[in-house]
1. Need one number: nm distance between label points at residue A:79 and residue A:112, each 7 Å from Cα along Cα→Cβ, rounded to one decimal.
2. Just to confirm my numbers, what's the Cα centroid distance between the stretch B:9-34 and the stretch B:63-97 in Å?
3. Mind checking the angle between helix B:243-266 and chain B's longest principal axis? C-alpha axes, 0 to 90 degrees, to the nearest 10.
4. With a/c under 1.5 counting as rounded, go ahead and sort the stretch A:1-130 into rounded, prolate or oblate using the C-alpha gyration tensor (a ≥ b ≥ c being the square roots of the eigenvalues; past the cut-off, prolate if a/b is larger than b/c, else oblate).
5. For the stretch A:143-212 and the stretch B:192-210, what is the separation of their C-alpha centers, rounded to whole Å?
6. What angle, in degrees between 0 and 90 and rounded to the nearest 10, separates the Cα long axis of helix B:14-25 from the longest principal axis of the Cα atoms of chain B?
7. Can you tell me what share of the DSSP beta bridges in the protein assembly as shown is antiparallel? A percent to the nearest 5 is fine.
8. When ranked by the protection proxy of mean other Cβ atoms within 10 Å per residue, highest first, what sequence do the peptides B:72-80, A:172-180 form?
């Protein structure tokens, strides 16, 4: 079911390479062109046979493409779009995979040439690994991809992009960009922020050695190190571009944490037990919604 | 390599049942007696054939036992020890599996009859599942078990208990109880507290529905729901009995989080990138120390 003659991937990290492999596996395009800034990354992509043509210059990759996907960190989108805009053909769809959507909408919409369909997207999938070798075709299977099209964008184009993500195995949801940013602030961005934070705290203590933290990490800490091992540049850009929603959700987290801290201080066992019972039920719901494994300890084999 | 004629397990949840299965598998005892307060739990243990004798009355289980292990929540230890103390034979080892050690030492030491060797222990292993069915013999393999014996306790008894845990597959470390409590506050207790907290926060928002949190949990949030699904009573007792160390580490976490919040507020990309790069390296060290899987996403199959 070939959907496109040519897809251009700008950036070929974990997400870009997973899209390339998914497109290949499902025959969604006749040609995949790949652009990336670094020669070594481009060489890796070639070696893995992820595409049909390879470029260091992104404008060369987008010529004649029907679908162009920005797969670089969010902070690069504005400059890349300015640079490639004149070379995008009329009727093409320009989309992205960034974790932030209002910023992307605001910065990119004014740059989009007439006749180009711009649809911001966010496939909510990933691992803590980065780079072209980290990709795999099933990354998006069963995961949600959120599209945040402007009200003026062609419905047909939105339908095509929805089908594309469905063909990669995703569920698709169409959503307002501002609401998207709030949803991901709590389900993704603040979790990453506090994971980065506790890993930072734990590694710079005076009274507990870093070697002890590493040795005894199986008590819970090691779980946090997974998302705190995510790509630093990608995540820097997330926090630089979804500031308001992140700060709003972080404040709610801190307000609740102050209550919990107080409960520990005064030894309020009832409050603790009630919270810990309530949170247990939520994991069950996530498993039932098909968004988590049922096996103990993530099915981890160690 | 039978080490004991009789082992008594007081409590038969995840840890108790895993010990029972490990003892069986390695032939570490001729007889396992099991005591638990609830008839339904005792029935489950019987059905799973975890022991050789079963009691609702803990004093009956400890008679003639060479090794007695308290496998109930920490908050129950004091009353149980008072109750069983007169029935423990001279020369027996009394130990526990609680996550807190200074409290256990303080409360239990005055209750120990002369001639009984009391050695607090903490196998740092577990899953988010509870109850006799949750146990498995390999739970302790490659994990650390910390012993915090008083300076007056028999060295031979410590040696025997160390060998017992090694025979269950653990590495053993002998440590001061106060230091233990600080180490686990940062590697286990505060991670649990903030996981419980964010899951609580996320499930009671006004502007994001709980159904959305569940649906889009794969962005990072679902990781936290695992440890926030841990046994509520056990964890209530941890926070009631390791208050000072938890509050000390929580304060350090909050101090660092305030800095990170400020970096997001003012858009300090350098600070973010530096932290996120530093934390990535720590996961690598944990994998190299054999305390974590190398596979992306914990090897999770979903």
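1. Calculated label separation equals 2.3 nm.
2. One Cα centre to the other: 15 Å.
3. Tilt relative to chain B: about 10 degrees.
4. rounded
5. So the two Cα centres are separated by 16 Å.
6. Once rounded, one gets 50 degrees.
7. Taking every DSSP beta bridge within the protein assembly as shown, about 10 percent pair in antiparallel fashion.
8. Per-residue mean Cβ counts within 10 Å order the peptides as B:72-80, A:172-180.
Rule-based calculations on the coordinates, nothing more; no lab input. Since the structure is predicted, the reported quantities are computational estimates derived from the model, not experimental observations. In this analysis, Cβ positions are derived from the backbone assuming ideal geometry, glycine residues included, and neighbour counts consider all displayed protein chains.
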